[in-house]
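The structure appears right after this line, and notes come after that.
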Amino acid sequence: MEHEGKALAADETDAHHHRIVGLASVHVRAVVTWVAIFPLAAIGMTVLAALAPRWHPVLRAFTLTLVVVPTAVYVAVPRLLLIQARLAQAAARTRSHRRAKRQTRVRKSCRDA
């Protein structure tokens with residue numbers, strides 16, 4: 001992503017210390033990644049334990065990562081980030097609406113006084 005001709009990481013700010021709209025912070029991305037990987041790994045371990053009980057643990061871990069990592073990177077994490085972005089936009093709209101209502105009340109009370 002670029003801002004004023006400079007490439008920015010998702011957790012950087014511009015020259016005015018404003019976060020770039022639409023990019024999740026590194027902390028949000030870490031939580032989203034964990035939420036994506038944990039259930040995939042838990043389900044994968046359970047399935048592998050039933051299908052391949054005699055496999056060496058390293059082979060099971062290798063097989064598990066062959067499935068979990070691409071599934072998380074290409075399917076789960078992008079979808080969860082999309083959901084998170086929609087929730088963040090909805091929260092921002094709600095805050096903006098509340099701020100506007102508050103300002104309207106203040107202006108009205110100032111006119112009435």
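Do we have residue 80 as part of a helix (DSSP H, G or I), touching a residue at least 24 places away in the same chain (Cβ under 8 Å), of a type outside the set (Ser, Thr, Tyr) and surrounded by 10 or more Cβ atoms within 10 Å (Cβ to Cβ) here?
yes
Any idea which of 71, 65, 33 is more than 14 Å from the chain's Cα centre (by Cα) and in contact (Cβ under 8 Å) with a residue 24 or more places away in the chain?
Residue meeting the stated conditions: 71.
Mind listing just one residue for me: the one in the stretch 20-47 that is over 26 Å from residue 64 (Cβ atoms) and surrounded by 14 or more Cβ atoms within 10 Å (Cβ to Cβ) and, of those, modelled with the lowest pLDDT?
Looking at residues that are over 26 Å from residue 64 (Cβ atoms) and surrounded by 14 or more Cβ atoms within 10 Å (Cβ to Cβ), I get 20.
Does the stretch 30-71 hold any residues that are assigned to a helix (DSSP H, G or I) and among the basic types (Lys, Arg), and which are they?
60
The values are calculated or read from the model by the stated rules, or taken from the named source; none is laboratory data. Keep in mind it's a predicted model, so treat the numbers as computed, not measured. With ideal geometry, Cβ positions are generated from the backbone for all residues, glycine too; neighbour counts draw on all protein chains shown.
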